[in-house]
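All remarks here apply to the structure that follows.
The values are calculated or read from the model by the stated rules, or taken from the named source; none is laboratory data. All figures in this text were calculated on a predicted structure; none of them were measured in a lab. Positions of Cβ are generated from backbone atoms using ideal geometry, with glycine treated the same way; all protein chains shown enter the neighbour counts.
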Amino acid sequence: MKLVTMAAAAALAVSVAGAQAEPVKVGMITTLSGGGAGLGIDVRDGFMLAVKQSGNEEIEVIVEDDQQKPDVAVQLSDKMVQAEKVDVLTGIIWSNLAMAVIPSVTAQGKFYLSPNAGPSQLAGKGCHPNYFNVAWQNDNLHEAAGAYANFAELKNTFILAPNYPAGQDALTGFKRFYKGELAGEIYTKLGQTDYAAEIAQIRASGADGVFFFLPGGMGISFLKQYKDSGVDLPVVGPAFSFDQGILQAVGDAALGVKNTSQWSKDIDNETNKAFVESFQAEYGRLPSLYASQGFDTANLLLSAMAKADVNDADAFRAALEEADFKSTRGNFRFGPNHHPIQDIYVREVIKEGDVYTNKIIGTALTSHADAYWSECSM
């Protein structure tokens with residue numbers, strides 16, 4: 001699927017101060033079909049909203065569906081770099097796809113701005129000057145969940161995640177900060193929908209709590225089955241399984257669950273308030289974590305375009321490093337490996353009228369950087 005060039009939209013009449021010799025071509029490869037489609041749709045919609053609001057005529061966005069398949073993502077990235085001649089790539093949700101695409105893209109001199117996936121390999125020894133993560137390093141929200149589990153006095157937690165790079169980073173991150181014992185540790189199949197065996201193990205384990213990372217449809221399936229099982233242990237997780245789009249499908253099974261996130265719709269700053277209001281007006285739904293990340297990614301790119309020509313790689317990279325934009329998260333800056341340093345909050349799932357959503361109840365980690373920056377040789 002090819003999306004519009006924003007230059008063709010009559011409503012977009014304002015350009016930046018002439019930093020670009022010609023329009024910047026952006027290739028967005030994201031998941032728009034299958035069980036993970038909601039995540040990619042939200043990243044795309046957040047990104048395109050920021051572009052629309054900017055009024056910038058000097059940006060062209062090409063959107064393609066990776067179908068959550070690494071081979072498809074690689075084919076699309078090759079086409080975008082070699083045939084479409086894009087300047088910047090973005091959009092990937094899943095870390096296994098990111099690992100298949102990003103090293104090749106940056107090696108060819110293109111910039112990659114990640115609105116989601118942040119595998120540890122790309123934050124440490126595999127870092128690259130042209131790779132920027134605008135969301136988080138994969139471990140971060142799980143590290144915050146480990147810190148919260150300590151605060152909640154969980155002493156014997158059962159942990160599980162899918163067996164792929166982000167799942168491995170998830171359990172590593174949780175264990176890095178968690179001080180208690182582990183009642184069990186399981187890697188599940190990516191895309192799994194039946195968790196009867198895992199829930200039976202949790203029941204028999206003697207655990208006093210559960211931490212899980214199961215994004216998208218996996219989390220919906222697990223939470224519903226967990227509630228139906230009658231296992232009554234407190235659940236802690238990252239925002240990925242308790243985000244706005246997912247919560248409506250999970251329903252009451254998620255109420256009261258504590259989850260960690262670097263973003264929430266109730267973060268109290270003017271940029272975030274305007275984003276939540278305008279996203280809802282544009283698309284008829286509340287924004288998710290992923291929508292906020294797409295929005296921030298576009299605004300980072302636009303801020304760099306206002307200062308430097310993308311064809312001057314050093315100048316453009318320096319402009320990206322400045323992160324001179326107003327983030328929905330408030331304070332935002334990059335560490336030396338081009339990953340965010342930011343606050344991570346604890347949220348509780350609540351119900352506002354007929355809508356399931358989250359509210360911030362505390363801060364788990366302040367000005368938090370990832371654990372891999374010292375391995376990066378940039």
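Scan the range 146-154 and tell me whether some residue there is in the same structural domain as LEU214 (by TED's automatic domain parsing), modelled with pLDDT under 95 and not acidic (Asp, Glu).
Step one: filter the range 146-154 for residues in the same structural domain as LEU214 (by TED's automatic domain parsing), giving 146-154.
Right, trim to modelled with pLDDT under 95 and you get none.
No, because not a single residue in the range 146-154 is in the same structural domain as LEU214 (by TED's automatic domain parsing), modelled with pLDDT under 95 and not acidic (Asp, Glu).
Being within 27 Å of GLN293 (Cα to Cα), surrounded by fewer than 24 Cβ atoms within 10 Å (Cβ to Cβ) and either among the basic types (Lys, Arg) or within 25 Å of the chain's Cα centre (by Cα) (or both) narrows it down to one residue among LEU255, LEU247; which is it? Even if it seems obvious, please write down each step before you answer.
On the way: LEU247 fails: surrounded by fewer than 24 Cβ atoms within 10 Å (Cβ to Cβ).
Being within 27 Å of GLN293 (Cα to Cα), surrounded by fewer than 24 Cβ atoms within 10 Å (Cβ to Cβ) and either among the basic types (Lys, Arg) or within 25 Å of the chain's Cα centre (by Cα) (or both) holds for just one of LEU255, LEU247, which is LEU255.
For the range 91-130, give me each residue that is closer than 16 Å to VAL26 by Cβ, among the hydroxyl-bearing types (Ser, Thr, Tyr) and part of a helix (DSSP H, G or I).
Scanning the range 91-130 gives a single hit, THR106.
Only residues in the range 284-298 that are farther than 16 Å from SER241 by Cβ and assigned by TED's automatic domain parsing to the domain that holds SER114 count as the first member; pair them with residues that are at pLDDT below 95 and assigned to a helix (DSSP H, G or I), Cβ under 7 angstrom, at least 6 apart or cross-chain, and list the lot.
Matching pairs, first to second residue: LEU286/GLN244; PRO287/GLN244.
Say whether the condition of being of a type outside the set (Phe, Trp, Tyr), assigned by TED's automatic domain parsing to the domain that holds GLN244 and over 26 Å from GLU143 (Cβ atoms) is met by at least one residue in the range 318-337.
Within the range 318-337, none of the residues are of a type outside the set (Phe, Trp, Tyr), assigned by TED's automatic domain parsing to the domain that holds GLN244 and over 26 Å from GLU143 (Cβ atoms).
What helices (runs of 4 or more DSSP H) completely inside the range 143-229 contain at least 2 residues that are acidic (Asp, Glu) and more than 25 Å from the chain's Cα centre (by Cα)? Write out each step before concluding.
Numbers: elements: 165-177, 196-204, 217-229.
Of the helices (runs of 4 or more DSSP H) lying wholly inside the range 143-229, none has at least 2 residues that are acidic (Asp, Glu) and more than 25 Å from the chain's Cα centre (by Cα).
So which residues in the range 328-378 are assigned to a loop (DSSP other than H, G, I, E, B), hydrophobic (A, V, I, L, M, F, W, C) and in contact (Cβ under 8 Å) with a residue 60 or more places away in the chain?
Initially, the range 328-378 is screened for residues assigned to a loop (DSSP other than H, G, I, E, B), giving 328-329, 331-332, 335-339, 353-354, 369-372, 376-378.
Filter again for hydrophobic (A, V, I, L, M, F, W, C), leaving 332, 369, 371, 376, 378.
If the condition is that a residue be assigned to a loop (DSSP other than H, G, I, E, B), hydrophobic (A, V, I, L, M, F, W, C) and in contact (Cβ under 8 Å) with a residue 60 or more places away in the chain, then ALA371, CYS376, MET378 are the ones that fit.
Would you confirm whether any residue within the range 315-336 is surrounded by 15 or more Cβ atoms within 10 Å (Cβ to Cβ) and in contact with a Gly (Cβ under 7 Å, 6 or more places away or on another chain)?
no
Those residues that are surrounded by fewer than 21 Cβ atoms within 10 Å (Cβ to Cβ) and touching a helix residue (DSSP H, G or I) at 6+ places or on another chain (Cβ under 9 Å), I need them from the range 21-36; list them, please.
Within the range 21-36, PRO23, LYS25, SER33, GLY34, GLY35 meet the criteria.
Got a sec? Which of VAL43, VAL63, VAL86, VAL81 is in contact with a Gly (Cβ under 8 Å, 6 or more places away or on another chain), assigned by TED's automatic domain parsing to the domain that holds ASP314, hydrophobic (A, V, I, L, M, F, W, C) and in a loop (DSSP other than H, G, I, E, B)?
VAL86
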